[in-house]
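In what follows, a structure is listed as structure tokens, so that the remarks can point back to it.
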Amino acid sequence: MWYLAEVVMKIVVADDPRNVVHQNLVLIRAATPEEAYEKALHCGKNGETSYDNPEGKAVQITFEGLSDLDLIDEELEDGAELTFHYKVSVSEEQLRSIVQPRDRLRAFVPPTRAEGPDYTSREILALVERELGN
């Protein structure tokens with residue numbers, strides 16, 4: 001069986017009072033909900049790390065826990081429903097605000113620098129720059 005875990009990670013940059021919280025969706029294969037839970041916890045713990053950002057400030061990423069663990073009821077294949085959300089009594093105006101045009105879907109929006117502290121890895125950035133010949 002497959003499960004979808006929502007893993008919560010907290011990112012803190014030295015000397016910046018703001019934190020960044022990621023809620024990462026992770027696919028888990030397990031025979032039971034308990035096994036899926038344990039595997040999801042393991043994924044979260046494995047995501048903990050620390051490094052320096054480009055300005056030399058320490059970045060600490062810690063696993064905070066799970067915000068969801070859901071069974072995927074369908075076989076994984078093209079078009080399989082992984083999860084769903086629902087709302088009751090949605091007006092036509094609210095419905096139109098939920099549905100986005102193609103150019104506003106995340107797959108089509110160019111990546112931009114996120115707000116908040118810079119938690120870019122100095123090491124990864126240097127590697128990318130070397131690979132690109134900059």
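The values are calculated or read from the model by the stated rules, or taken from the named source; none is laboratory data. What you see is a predicted model, and the numbers here were worked out from it, not measured in a lab. Virtual Cβ from ideal backbone geometry, glycine too; neighbours counted across all protein chains shown.
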Within segment 110-134, tally of residues that are exposed (fewer than 10 other Cβ atoms within 10 Å of the Cβ) and within 18 Å of the chain's Cα centre (by Cα): 5
Any hit, segment 26-45, residues being among the hydrophobic types (A, V, I, L, M, F, W, C) and either at pLDDT below 95 or touching a Ser or Thr at 6+ places or on another chain (Cβ under 6 Å) (or both): no
Whichever residue in segment 31-46 is in contact with a Phe, Trp or Tyr (Cβ under 6 Å, 6 or more places away or on another chain) and surrounded by 14 or more Cβ atoms within 10 Å (Cβ to Cβ) and, among such residues, is nearest to Tyr119 (Cα to Cα): Gly44
Residues that are over 25 Å from Glu74 (Cβ atoms), loosely packed, with under 15 Cβ neighbours inside 10 Å and of a type outside the set (Lys, Arg), drawn from segment 1-30: Ala14, Asp15, Pro17, Asn19, Val21, His22
In segment 29-60, the residues that are touching a residue at least 40 places away in the same chain (Cβ under 8 Å) and not acidic (Asp, Glu): Gly47, Tyr51, Asn53, Pro54, Gly56, Lys57, Ala58, Val59, Gln60
Residue identified as among the acidic types (Asp, Glu) and more than 17 Å from the chain's Cα centre (by Cα) among Glu35, Glu48: Glu35
Failed condition for His85, given (1) at pLDDT below 95; (2) within 23 Å of Pro17 (Cα to Cα): (2)
